[in-house]
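Here's the structure, in C-alpha cells; my notes come after.
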C-alpha cells in the first residue's frame, strides 16, 4: 500500500506541475525556445524532486513505461507492476482533475487545454504519425537506458535522481514540438480523459502514447535483462563508495 500511495502522489505531481506549466506558462501553437525549456524543466525537475522524495518507498517510477522496463529487466514482480500501473493511472487522472479545476477559475476563460499529447495538423509542429511514433519509442528507450543504467547494482547512487531528471529535460527539448512529449502512458491518459469534452482528438490519439512508450521501455529492459547493457563489474564512485541497492526509479531500498 505504501508503494501504491507513493506512486499515486508522484504521478499526480508530475501531471499537475508538468502539464500545468505547459498550459499556464503559455505554451503556444508555435512555442519559442524559452517556453519549451520551461516546460521541459517543469517535468524534469518534478521527477528529480519525486525521486528524492518517494524513491526510498517505491523507487519513484511514476510512469507505466518505467515500471514495464523495470519488470522486463527482472527487477520487480508482476503483482507489483500491476499495482504500480493502477496507482500511476489514478494519480495522473487526479492530477488532471485538479489542473482542470484550477484552470476553470480563470476569469478571462481558458481554451480547455490540459497539455494533452498529440500529433498532426494543428498540433504544435504538425508532425505526422510516423514522426510521433518514432520519437516516442526512441525517446522512451533512451530514458529507460538512463534509468536502468544509473540504478543497477554497482552504480553510484548520489546523483541518480538528478541524472534521470536531466535526461527527461533533454528528451523534452528534443521532441516537445513533435508530440508534446509523453514517454509516459499515464501522463497522456489522465489529461486525455479529463479533457475529452473539449479535445476529443487527444483521446482518439492516446493509443500511440500508450503503445510507443511501452515498446521503447520493453526494449531497454530486455537489453539489461539479457546482460547486453548490464555492468560486468562494479565501478566505484569517487572516494571508493559504490551502491549495492538501486536508489530510485528502479526499486525501493529495503530496510536493514
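Restricting the range 135-151 to residues that are under 14 Å from residue 225 (Cα atoms) and in contact with a helix residue (DSSP H, G or I) (Cβ under 7 Å, 6 or more places away or on another chain), which is modelled with the lowest pLDDT?
Here is the first cut: in the range 135-151, the ones under 14 Å from residue 225 (Cα atoms) are 144-145, 147-149, 151.
Going one step further and asking which of them are in contact with a helix residue (DSSP H, G or I) (Cβ under 7 Å, 6 or more places away or on another chain), we end up with 144-145, 147-148, 151.
Working: 144: 97, 145: 96, 147: 94, 148: 94, 151: 89.
By that ranking, first place goes to 151.
Which one of these does residue 103 not meet: (1) farther than 28 Å from residue 223 by Cβ; (2) modelled with pLDDT of 95 or more; (3) over 16 Å from the mean Cα position of the chain (by Cα)?
That leaves (2) as the condition not met.
Mind checking which residues of the range 68-84 are in contact with a helix residue (DSSP H, G or I) (Cβ under 6 Å, 6 or more places away or on another chain), in contact (Cβ under 8 Å) with a residue 24 or more places away in the chain and assigned to a helix (DSSP H, G or I)?
The initial filter retains those residues of the range 68-84 that are in contact with a helix residue (DSSP H, G or I) (Cβ under 6 Å, 6 or more places away or on another chain), namely 68-69, 71-74, 76, 81, 83-84.
From what is left, the residues that are in contact (Cβ under 8 Å) with a residue 24 or more places away in the chain are 68-69, 71-74, 76, 83-84.
Residues satisfying the conditions are 68, 69, 71, 72, 83, 84.
A quick yes/no check of all residues on (1) crowded, with 18+ Cβ neighbours inside 10 Å; (2) within 18 Å of the chain's Cα centre (by Cα); (3) at pLDDT below 95:
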| residue | (1), (2), (3) |
| --- | --- |
| 15 | yes, yes, no |
| 26 | no, no, yes |
| 30 | no, no, yes |
| 33 | no, no, yes |
| 36 | yes, yes, yes |
| 39 | yes, yes, yes |
| 44 | yes, yes, no |
| 49 | no, yes, no |
| 53 | no, yes, yes |
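Name the single residue, out of those in the range 123-149 being outside any helix (DSSP H, G or I) and without any contact (Cβ under 8 Å) to a residue 24 or more places away in the chain, that is surrounded by the fewest Cβ atoms within 10 Å (Cβ to Cβ).
Looking only at the range 123-149, we keep the residues that are outside any helix (DSSP H, G or I), and these are 123-128.
Adding the requirement that they be without any contact (Cβ under 8 Å) to a residue 24 or more places away in the chain leaves 126, 128.
Working: 126: 14, 128: 11.
So, considering only residues that are outside any helix (DSSP H, G or I) and without any contact (Cβ under 8 Å) to a residue 24 or more places away in the chain, the one surrounded by the fewest Cβ atoms within 10 Å (Cβ to Cβ) is 128.
Can residue 165 be described as surrounded by 15 or more Cβ atoms within 10 Å (Cβ to Cβ), at pLDDT 95 or above and either at positive phi or within 18 Å of the chain's Cα centre (by Cα) (or both)?
yes
Does residue 190 satisfy the criteria of being in a helix (DSSP H, G or I), at pLDDT below 95 and either more than 20 Å from the chain's Cα centre (by Cα) or crowded, with 23+ Cβ neighbours inside 10 Å (or both)? Show your work before the answer.
Numbers: in a helix (DSSP H, G or I): yes; at pLDDT below 95: no; either more than 20 Å from the chain's Cα centre (by Cα) or crowded, with 23+ Cβ neighbours inside 10 Å (or both): yes.
Considered against the rule, which asks whether it is in a helix (DSSP H, G or I), at pLDDT below 95 and either more than 20 Å from the chain's Cα centre (by Cα) or crowded, with 23+ Cβ neighbours inside 10 Å (or both), residue 190 comes out as no.
The values are calculated or read from the model by the stated rules, or taken from the named source; none is laboratory data. Note that this is a predicted model, so its numbers are computed, not measured. Don't worry about glycine lacking a Cβ; one is built from the backbone with ideal geometry, like all the others, and counts go over all protein chains shown.
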